[in-house]
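S.K.: The structure that follows is given in the form of structure tokens.
No value in this document is a laboratory result; all are computed from the given coordinates. In this text, all values refer to a predicted model and were calculated from it rather than measured experimentally. Every residue, glycine as well, gets a Cβ built from its backbone with ideal geometry; the counts of neighbours run over all protein chains shown.
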Amino acid sequence: MRLADHVTVLGNRHFYLYAVGSGPAVILEGGVSAVVPAVAKQAETAVSPGEVGHLVVMHAHFDHVCGIPGLRKIFPNARVAGSAEAGKVLRRSKIVARFFREDAAVTGAMREQGLLEGPPGPAAETMEIDREINDGEKWDLGQGVTLYFYHAPGHSPCSIMAYLPGGEVLFSSDSAGFPISDNRLFPIFFAGYGDYLKTIDRMRELPVQILAGAHEQIVRGREQVRRFLDLARAEAERLRETVVDARRRGLDVQATAGLLFEQYYTGNLLIYSEQNIRLCCEILTRRSLETECVS
């Protein structure tokens with residue numbers, strides 16, 4: 001699907017990847033191994049495999065990197081790029097092994113939904129970042145196409161986002177939350193509540209016509225993008241208040257995390273395992289309580 005000039009959407013609604021430019025093109029996001037067969041078919045008409053120069057890791061979480069080994073086979077000339085922090089994570093074999101265990105659970109869920117278009121991509125013991133991306137870095141993709149990268153802390157210490165000024169397209173990855181439905185978000189400030197809000201505010205400062213996240217929703221229109229980012233901030237504040245209130249009522253971390261799980265594990269989040277989202281809720285509980293300690 002053509003999203004804008006020089007931007008093509010790959011993958012599926014659960015795991016979007018974006019091809020930017022045409023020679024050499026850049027693939028933003030790595031998705032999961034189960035989207036690799038779909039991307040292989042899409043690449044036959046959407047982007048020439050030999051003209052993809054980079055596969056960009058937007059952050060090192062399993063649902064953004066487990067497709068990388070398979071994508072490297074589709075795009076054999078591509079180098080893998082990402083932040084230095086992402087590189088440190090992907091060199092740790094125990095973490096990568098855990099990633100692929102979660103990836104297997106998502107593969108099963110996609111199979112049940114009829115979204116698996118062939119054998120998933122291969123696993124790997126570790127992954128290497130070939131090119132480090134720094135905050136504010138500018139890539140010239142030719143034909144007047146320029147792509148900017150910015151560090152985006154809050155969701156993950158290694159998160160980055162990308163901005164295409166020509167089409168006013170912001171590739172936000174998970175920096176503004178996960179769309180559970182069309183009007184509800186799961187706030188995911190796993191690395192820090194304050195940094196998460198600062199990143200959302202940084203996104204709001206950019207002129208954006210299209211907000212291209214990694215999952216479920218692509219937001220079009222300047223006003224619609226503004227409302228989405230306002231919602232992302234409000235949802236994060238609401239989750240934090242829920243945790244703080246639960247603490248005041250005497251609930252411990254596990255009970256509070258269970259409360260969040262009951263509220264959020266629904267809709268589009270069901271593509272992930274229950275174990276994964278329970279862990280996410282525990283992390284969010286702890287990050288929310290850290291803000292109480294600071295204040």
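S.K.: Using Cβ contacts closer than 10 Å as the measure, can you line up 58, 161, 1, 127 from fewest to most?
M.R.: With the fewest neighbours first, 58, 161, 1, 127 line up as 1, 127, 161, 58.
S.K.: Further, regarding this structure: What does the charge count around residue 214 come to, taking other residues whose C-beta lies under 9 Å from its C-beta (Lys +1, Arg +1, Asp -1, Glu -1)?
M.R.: After counting each charged neighbour, the total is -4.
S.K.: After finding the eigenvalues of the alpha carbon gyration tensor for region 204-295, what semi-axes result from the square roots of 5 times each, listed largest first in whole Å?
M.R.: Working from the Cα gyration tensor, I get semi-axes of 28, 18, 10 Å.
S.K.: With each pseudo-label sitting 7 Å past Cα toward Cβ, what's the residue 95-residue 168 distance in nm, one decimal?
M.R.: For residue 95 paired with residue 168, the spin-label model returns 3.7 nm.
S.K.: Using the 10 angstrom Cβ neighbour count as an exposure proxy, how do 128, 29 rank, fewest first?
M.R.: Ascending number of Cβ neighbours within 10 Å: 128, 29.
S.K.: In addition: Above 26 angstrom, tally the Cα pairs of region 1-152 and express them as a % of all pairs, no decimals.
M.R.: Percentage above 26 Å: 21.
S.K.: So what are the ³J(HN,Hα) numbers for region 10-17, from phi and the Karplus equation (6.51, -1.76, 1.60; θ = phi - 60°), rounded to whole Hz, Gly and Pro as x?
M.R.: Once θ is set to phi - 60°, the couplings for region 10-17 become 10, x, 9, 5, 6, 9, 7, 10 Hz.
S.K.: Something else about it: Once the piece of chain linking residue 13 and residue 286 is laid out straight, how much longer is it, given 0.36 nm per residue of separation minus the C-alpha distance between them?
M.R.: Extra length from residue 13 to residue 286 when fully extended: 95.3 nm.
S.K.: Determine, for 51, 241, 216, the number of other Cβ atoms within 10 Å of each Cβ, and report the residues in order from fewest to most.
M.R.: Fewest to most other Cβ atoms nearby, the residues stand as 241, 51, 216.
S.K.: Another question, then. Round to the nearest 0.05 the FRET efficiency obtained for residue 1 and residue 226 when R0 = 25 Å and r is the Cβ-Cβ distance.
M.R.: 0.60
S.K.: Can you list which of the trypsin sites (Lys or Arg not before Pro) found in region 219-295 are DSSP loop residues with at most 13 other C-beta atoms within 10 Å?
M.R.: Counting only loop positions with at most 13 other Cβ atoms within 10 Å, the trypsin sites (Lys or Arg not before Pro) in region 219-295 are 249.
S.K.: Enumerate the lysines that residue 41 could reach by cross-link, defined here as Cα to Cα under 22 Å, with residues fewer than 8 away along the same chain left out.
M.R.: 73
S.K.: Moving on to the next point. In the chain, which whole DSSP H runs stretch at least 18 Å along their own axis (Cα) and average -0.5 or higher on the Kyte-Doolittle scale?
M.R.: Within the chain the helices that satisfy the rule are 93-112, 274-294.
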